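The values are calculated or read from the model by the stated rules, or taken from the named source; none is laboratory data. Everything quoted here is computed from the prediction, not taken from an experiment. Positions of Cβ are generated from backbone atoms using ideal geometry, with glycine treated the same way; all protein chains shown enter the neighbour counts. The area values use the complete protein model at the heavy-atom level, side chains included, leaving out ligands, DNA and RNA. Shrake-Rupley method; radii C 1.70, N 1.55, O 1.52, S 1.80 Å.
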Amino acid sequence: MPSSDKGTLLSVMYALLEGISKTFDIERSDIQGCLQGYLRDSLRGYSIILYDTISDGTGQIHRMVLKNNEFDVESLQKVIEKAIEITQNCDCDPSCYSCLRNYYNQGVHDMIDRKKAEKFLQLLME
């Protein structure tokens, strides 16, 4: 599902990272993400890239998407459901330290919106 809105994709990325952390009981500082911009057929968009920050290669992100070397849809659905729950169970506007904000993303706090993340993630689950 492509999106050209950087704020929406940043919000989704941070919701997914929080969802991964809570679903798999992973320290939030052990995983990170970034957006990669692309231009395809005159349309600009962003891809979300998630990765481990631990240098020993613990494979936290790998564990989320693969089971017995096959794509694990069930785990990904659990992460998305948890990310949606995180965005729904807060009453802030647009985001706060109880849902999507943290020390590491303080440079983009003004762009992170839990409602945009929830809407995008809900579309993924349809």
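Please determine whether any residue of the stretch 33-40 is within 21 Å of residue 124 (Cβ to Cβ) and loosely packed, with under 11 Cβ neighbours inside 10 Å. Yes, the stretch 33-40 has at least one match. Residues that are without any contact (Cβ under 8 Å) to a residue 12 or more places away in the chain and over 28 Å from residue 109 (Cβ atoms) within the stretch 66-94 comprise 66, 67, 68, 69, 70, 71, 72, 73, 74, listed in sequence order. Of everything in the stretch 90-126, what is of a type in the set (A, V, I, L, M) and open to solvent by 70 Å² or more (accessible area, probe 1.4 Å)? Give them in sequence order. Passing the criteria: 123, 124. Where helices (runs of 4 or more DSSP H) fall entirely within the stretch 21-126, those with at least 3 residues that are under 17 Å from residue 6 (Cα atoms) are at 114-125. The set of residues in the stretch 53-65 that are in contact (Cβ under 8 Å) with a residue 12 or more places away in the chain, under 17 Å from the mean Cα position of the chain (by Cα) and open to solvent by 40 Å² or more (accessible area, probe 1.4 Å) comprises 53, 63.
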